[in-house]
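The values are calculated or read from the model by the stated rules, or taken from the named source; none is laboratory data. Everything numeric in this text was worked out from a predicted model, so none of it was measured. Positions of Cβ are backbone-derived with ideal geometry, glycine not excepted, and every protein chain shown enters the neighbour counts. Areas reflect the complete protein model, heavy atoms only, side chains present, ligands, DNA and RNA absent. Shrake-Rupley method; radii C 1.70, N 1.55, O 1.52, S 1.80 Å.
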Amino acid sequence: MASRIKDISLAPQGMQKIEWAAKHMPVLNGIVADMKRDQSLKGLKAAVSVHLEAKTAYLAKMLAESGAEVYCTGSNPLSTQDDVAAALSQCGVHVFATHGCTPEEYHADLCSVLSCVPDVMIDDGGDMLSILHEEHPEWAANLRGGCEETTTGVIRIRNRAKAGKLNFPMFSINDADCKHLFDNRYGTGQSVWDGIMRTTNLTVAGSTVVVAGYGWCGKGVSMRAKALGAKVIVTEVDSVKAIEAVMDGFSVMPMDEAARLGDIFITVTGCDGVVTTRHMLSMKDGAILCNAGHFDVEVDVAGLRAMAKQSMEIRKNIEGFVLENGKTVYLLGEGRLVNLACGDGHPVEIMDMSFALQAACTLRMAQEGKNMKPDLYEVPRDIDQEVAMRKLKALGVTIDTLTPEQEAYLHG
């Protein structure tokens, strides 16, 4: 089994993590049960690039058990867990990933996965999609289509589709109700604060938290900060989202104003240059900077490093920077995804829903992708509804159904 991992001796520890996740993913297990029985993906190659930790590993393992030959890597150099990668390589999956890899190694791992010439793919952030369009289009020769997990990746695909430069169909997993309403809001909301608190060991209550961006992820981060006792300031460029933040009880102002007030800054916009060196110079001594968007461009880390008079590692995943004005600001997880660079990512039960969508949409693409035009597609409504119903069942919740008369009244 071809793989590039750090240390195979870590596999037993990683397998414990995967088995724990498996016990708390009833929706994915239910979706995949028929796929495994029927060997629905037999004869197909699947390329997977998602943050490589226990939940992702279990998804890849389930695809392999459904008959696919699976090639897997991470979607962020700091989110890969080496013990999980080692364990996954013992589960019939080709794994190319190590924690803390260089940009060159990260790119090489993506290429190692894609060079299998996949039939289906699961992407997270759009890096695989970019390689297949800009560097190695020949590796997409057999590709029926794929799925994209994140807001950032969907933006990249949508722009490519609008320009007529998308070469195969893709499902927008991020826009599914069972993804953005739960994964983005409750998953990001909890995991971001898990990463921050685990890393800093500081009290959130009474602090002033600045959340840049009030999309579904920003809503979750803000809601959890408020529940932890923080005063929350939201910065936005979208007037509708800004009004929503105000009506949800948060202060809203430009970053130039918020920079002087915040104790903890969390970017979650999907854009770059959100917190700049200008903002950093006006921050309090001891301000904490972190990012919860996909790429490490929302906080100007390069500018911070260039401007700082001195930098030092304070503790694991915390780097201090002494600025020209004598103040020190702290950066968590190198400005990469704080919930994964400094934690274990989203809770298992939340990713259960997202990865159930991934598995079901991968099967749908395998079945129908050849007949779909290159474009960005919404997740089919029947798949979204099935995931929701399975989640309700797992929670022991039942709901009403419409009577024939009600159906007639609504749709007649």
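Data table
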read-out	value
So residue 80, is it open to solvent by less than 10 Å² (accessible area, probe 1.4 Å), of a type in the set (S, T, N, Q) and within 25 Å of residue 127 (Cβ to Cβ)	yes
Residue list for the stretch 231-289, restricted to those being touching a Lys or Arg at 6+ places or on another chain (Cβ under 7 Å) and of a type in the set (Val, Ile, Thr)	232
Qualifying residue in the stretch 328-339 (condition: in contact with an Asp or Glu (Cβ under 8 Å, 6 or more places away or on another chain), among the charged types (D, E, K, R) and more than 21 Å from residue 213 (Cβ to Cβ))	no
Pairs where the first residue, in the stretch 231-250, is under 18 Å from residue 206 (Cβ atoms) and the second is among the β-branched types (Val, Ile, Thr) and in a strand (DSSP E or B), C-beta under 6 Å, 6+ apart	231/208; 232/209; 233/210; 250/232; 250/234
Pairs with Cβ under 9 Å, 6+ apart, first in the stretch 135-154 and outside any strand (DSSP E or B), second open to solvent by 40 Å² or more (accessible area, probe 1.4 Å) and among the aromatic types (Phe, Trp, Tyr)	151/216; 152/295
Flag if residue 373 is touching a residue at least 60 places away in the same chain (Cβ under 8 Å), in a helix (DSSP H, G or I) and not hydrophobic (A, V, I, L, M, F, W, C)	no
Selection count where residues are of a type in the set (S, T, N, Q) and under 18 Å from the mean Cα position of the chain (by Cα), scope the stretch 340-387	3
Extreme residue, nearest to residue 46 (Cα to Cα), among residues of the stretch 94-104 that are in contact (Cβ under 8 Å) with a residue 24 or more places away in the chain and surrounded by fewer than 24 Cβ atoms within 10 Å (Cβ to Cβ)	94
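Conditions (1) open to solvent by less than 10 Å² (accessible area, probe 1.4 Å); (2) more than 30 Å from residue 84 (Cβ to Cβ); (3) of a type in the set (S, T, N, Q), marked per residue:
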residue	(1), (2), (3)
304	yes, yes, no
338	yes, no, no
348	no, no, no
379	no, no, no
407	no, yes, no
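Here is a yes/no grid of residues against (1) buried (at least 17 other Cβ atoms within 10 Å of the Cβ); (2) within 25 Å of residue 386 (Cβ to Cβ):
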{"position": "132", "(1), (2)": "yes, no"}
{"position": "144", "(1), (2)": "yes, yes"}
{"position": "152", "(1), (2)": "yes, no"}
{"position": "159", "(1), (2)": "no, no"}
{"position": "169", "(1), (2)": "yes, yes"}
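Residues checked against (1) in a strand (DSSP E or B); (2) surrounded by fewer than 16 Cβ atoms within 10 Å (Cβ to Cβ):
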| position | (1), (2) |
| --- | --- |
| 234 | yes, no |
| 245 | no, no |
| 260 | no, yes |
| 266 | yes, no |
| 270 | no, no |
| 279 | no, no |
| 284 | no, yes |
